[in-house]
Every structure is written in C-alpha cells, then in structure tokens.
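To start, the structure itself, in structure tokens.
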Amino acid sequence: MKNVQQAIEQILPQLQTYLHESRGGALGAVALPPLRELAERLSVRQWIEQGGMDEPQLRDFLQAFLPASTKLHAPGFLAHQTCASSTGGTIGALVDGLINNPMNIYEMGPATAAIEYVLINWMLEHCGWQPAPWPRDRRPDDHSGAGVLTHGGSLGNLTALLAARTHEAPDAWENGVPDDLVVLATPQSHYSVARSCGLLGLGRRQIEALAVDERGVIRPEALPQQIARLREQGRRIMAVVANACSTAAGLFDPLRPIGEICREQGVWLHVDAAHGGAFLLHPELRQRLDGLELADSMIWDAHKMMQTPPLCTAVLLRQARYLDQAFEQEASYLFHEKRQPGFDFMHRTVECTRAGQALKLFFTLAEKGPRALAEDLAYTVDLAHQAWAWFEQQADFHCPVEPEANILCFEHVGSDPIAVRDALIEEGAFHLSTTIYQGKRWLRLVVMHRNTTLETIRQLAARIRALGSP
Ligand SMILES: Cc1ncc(COP(=O)(O)O)c(C=O)c1O
C-alpha cells in the first residue's frame, strides 16, 4: 500500500456499502464458519509471511473479510452490549491509529491527553462529583474528583476496586493483602468483579453475597445488619458493589438508600455502571441512577451505550487521592521530576502504553452531541420495553422480569434456549445471547440501535416459532 490516502480511497466505497447493507439487514447479523476454513479462505498465513498487499489486493481481501465479520449495525444483531460505531467514533479510531499517540504521559500525546482530561471532568459532573482543577491552577483537594480511561470495563472494575483497597487497607500494596477484607457484591454482578477481587489478592471467601429481592436487586434494608454482622466477626468491608445495571437482565440496584447506608457506615460504594452510565445523559433515564453522587467510584463504558468503538471505559472517583495513590510504583524513566505543562495519567492505570481512547468518545460527542446520544439510548430502552409487553401477550413466550434497560430475558416456552440460539446463528439473520437469571437459562436480547424495530422482534419470534422446539 503506497499511502494512507490511496488505501482509504480504494476501500471507502466498499466500507460504505458494507455499512449500508448491514444496516438494512441484507448481510444478516452473524455467520460462524469454522475458524480453519476462514483462516485459509483469507490466506492469513500467506499475508503474514509474505507481506506486499497492494491496494487492489486490499480490496479483494476485504471482499472476503467483511462478510465474515459480525454485523453490529444489523437489525437482527441483538446479542451483546457492543455498539454500532458512530461516524465520529470511527474517525476517532482512524485518527488514533494513524497518529499513534499513547498519551499516558503528556509528552506522548498532549492533544489527546487534553481531550481525556476534559472528558473525564465532564463525566464527573454528570455523576454529581467535583471535576478536577486545571493541572497548573491548583492541586486537587479532598473534594476534587478524578478519573481515567481504561481498556474496558473489566479493567475499570479492577482499577476502582484497587482504589477501594487503598482506602480500606493503604498498606496492602507494601505488605500484601490482609485476610480480613471483604467485598459485598450480588450474584448479578458482572464476573469481572469477582475476577478483580482475585487479581487483588482476595480469595473467594472474601466475597460475600449481598441480600437481594426476588428480582436479584439489592435489598438496602438488609445492608446495615449485614455490615454489622461482618464487623462483629472482625472483618473489614473493602467495598459494596452495586449494579447500574446488571449484565444479565439489565436491572438497577437502588443507589440512593445503598449510598446513604454506605456513607453512614463509612463503607466504600463502587457502582458498576459499565452499561448504565450513559443513562446519566437522559433527563428521565438518569433517575435509574438516582443517588450515584453518594458513591465513591463508578465505571462507565462509552463502548456500550455511547456508540463509541471499543475500548473506552471511564473509571471515575469522587475523591482523587484514592486513585492517585492506588498504584504506588516507581519507574525511573517515566516517573520523575520534569517540566510538566500538562498531566500524566500513567500513575492511575494498569496499562503503561495506552491508546488514545478519548478520541473515539470525543468525536462521537462532537458529531452527535449528548442529547442525540441520549435520545438514541432512550429508543433502545423503549423498544426493549415494547418487546417485553409484546412477548407477554403471546401465549408461547414468557419474560421473567420487566426490563429497566435495553436488555430483555425471555423464553420460547418448551424450547431449549441454547439450541434456539445455535439454530438462529446457523441461519444468520438474528444474533441472540443466552444468560442465567434467577437460576434458569433464558434467551437474552439487547437492543443496541435504531435499525432494530418492533417489527424485527416480531420477525425474530416468527423464526423462533418456525424452528419448533429444537
Ligand atoms: C455491568 C458490566 N460490568 C462490566 C463489564 C465488562 O466490560 P468490558 O466488556 O468492557 O470489559 C460488563 C460487560 O458486559 C458489564 O455488563
């Protein structure tokens, strides 16, 4: 390939056609040929070893590659909480790829770092927390919030829980993890919460299940007693983790009463809002996170409900110092006295080299603006609710719980959900996931964009019925 302009000009019409046909559903949503067959069809090994791909070959390659991608823009793509990228986000990914400014230290990407700094402050304000001062104006105080972008919600939960550990057991970094720490989470919490606890040196015994109601949502009234019992046992509560919303069924824990109790008891509250963070942008949907300002940390994935290409998670803290002290390490070539006109994020992240993730979110916002993003989100939430109401009217479909987000669990009565999903994937027009909710496996759909309509859901139901009871 001779230069970027020629290469892009060569493939742009192809990409535009892909987008158009994906949106209309002409390409289906998913196709899963065997990996070996695919690798051979794409001549992957040959290209790796020989190089030399020119523009026409690039076009031919994409001709084979694009049909074998999963079409996230398709009406029938309903499987996972991964968005169809906005035009702005796509441009952000392109610019980031081209300039390659891994800006964890300011000198490696001042413009991208400046964008991340402002984005983080904007998100902190949406949480009801104080933004950080401009780096050279004054030092952050106990009221200043802080944040950083990480490569995904899993790493985000790990980072926030590390900050919680720093709060409760500041010497753990130096001396190892005490065995009296305990994290309270629900069975509905994303698996990355338990995984983070493992990575932070807490054993499974140190994760306690929070009391929940029949929907799996935290019962705040049980929390004071649970905290008191654990303290009587001589245990220290590192964090309570609440969901906004849960991954399986998209349900929100009641943050205000949980937050009030945590404040009263001096317990760190972490809110996993990887999925629901974007609800803060909508005047009505933000009520689902009412009380968030009482929490100590939260994560918010832009690559889920903000049309931003992956990965772009904000880890946000009410008080900067716990994030700033979380990773206490020396690396003499990076952390040293220097003229500092900007801000280094390095001391807040697991990653050393870090992509310019802020660009993808920034250009998405710069293109659409928060209001239009929020309206798109509201469309998906509303459609999931309409789908629920429609399924509930059908004799042969059933939903275990009314949705609060754009995630819906349902069943075709008498069918095996895994077999239904496999058969649909085989056909290709609809891509669903399945999940365990309240001890039972369900079909699960996530409405991600406006290309999906109620008619799509009716067509999906018709296909499921036509499959019989696989
Ligand atoms: C509630 C919640 N937290 C965390 C994650 C993990 O995010 P990521 O996939 O970006 O690592 C997910 C992903 O689905 C999630 O739903």
>> About the Cα centre, and with charges only on the beta carbon of Lys, Arg (+1) and Asp, Glu (-1), how big is the dipole of segment 259-300? Nearest 20 debye, please.
In response: 120
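Hand me the trypsin sites (Lys or Arg not before Pro) from segment 33-142 located in a DSSP loop with no more than 16 other Cβ atoms within 10 Å, in residue order please.
Details: sites: Arg36, Arg41, Arg45, Arg59, Lys71, Arg136, Arg138; in loops: Lys71, Arg136, Arg138.
For trypsin sites (Lys or Arg not before Pro) across segment 33-142 that sit outside H, G, I, E and B with at most 16 neighbouring Cβ atoms in 10 Å, the list reads Arg136, Arg138.
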> What FRET efficiency would be calculated for the residue pair Arg236, Glu284, taking the C-beta separation as r and a Förster radius of 30 Å, to the nearest 0.05?
Replying inline: 0.20
> Picking from Gly356, Gln225, Ile8, whose Cα lies most toward the positive end of the charge dipole for the chain (charges on Cβ: Lys, Arg +1; Asp, Glu -1)?
Replying inline: Ile8
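Taking the Cβ-Cβ separation of Leu32 and Glu55 as r and a Förster radius of 25 Å, what is the calculated FRET efficiency to the nearest 0.05? Working shown, then result.
Numbers: r = 30 Å, r/R0 = 1.18.
It comes to 0.25.
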> For Glu40 and Glu427 in one chain, what is 0.36 nm times their gap in residues minus the Cα-Cα distance, to one decimal in nm?
Replying inline: 137.1 nm
>> Quick check: net charge around Thr90, other residues with Cβ under 10 Å of its Cβ, Lys/Arg +1 and Asp/Glu -1?
In response: 0
>> If N is the number of residues in segment 102-355, what value comes out of its Cα radius of gyration divided by 2.2 N^0.38 Å?
In response: 0.97
> If you count the DSSP beta bridges with both ends in the chain, what percent of them are antiparallel, to the nearest 5?
Replying inline: 60
> From the phi of every residue in segment 171-182, what ³J(HN,Hα) in whole Hz does the Karplus formula 6.51 cos²θ - 1.76 cosθ + 1.60 yield, where θ is phi - 60° and glycine or proline is x?
Replying inline: 8, 4, 4, 7, 9, x, 8, x, 8, 9, 6, 9
> What is the fewest-to-most order of Trp268, Trp390, Trp300 by other Cβ atoms lying within 10 Å of their Cβ?
Replying inline: Trp390, Trp268, Trp300
> In the chain, with Lys and Arg counted as +1 and Asp and Glu as -1 at Cβ, which of these residues, Gly277, Ile457, Gln325, has the Cα nearest the positive end of the dipole, that is, farthest along it?
Replying inline: Ile457
>> Just want the ordering: Arg354, Arg286, Arg205, from fewest to most Cβ atoms lying within 10 Å of their own Cβ.
In response: Arg205, Arg286, Arg354
>> Apply the a/c threshold of 1.5 to the C-alpha gyration tensor of the chain and tell me whether it is rounded, prolate or oblate.
In response: oblate
> In which sequence would Glu375, Glu426, Glu337, Glu168 go, from the one with the fewest C-beta neighbours within 10 Å to the one with the most?
Replying inline: Glu337, Glu426, Glu375, Glu168
> Which Cα, out of Pro310, Phe252, Pro75, lies furthest along the positive dipole direction of the chain (beta carbon charges, K/R +1, D/E -1)?
Replying inline: Pro75
>> Taking R0 as 30 Å, what FRET efficiency do you get between His20 and Glu293 from their Cβ-Cβ distance, rounded to the nearest 0.05?
In response: 0.10
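How long is the gain from Glu264 to Ala466 if the chain were fully straight, where each residue apart is worth 0.36 nm and the alpha carbon distance is subtracted? Could you put the intermediate results ahead of the total?
Numbers: separation 202, 0.36 × 202 = 72.72 nm, distance 5.55 nm.
Value of the extension gain: 67.2 nm.
Values quoted throughout were computed directly from the atomic coordinates according to the rules given, and no laboratory measurement underlies them. Keep in mind it's a predicted model, so treat the numbers as computed, not measured. Every residue, glycine as well, gets a Cβ built from its backbone with ideal geometry; the counts of neighbours run over all protein chains shown.
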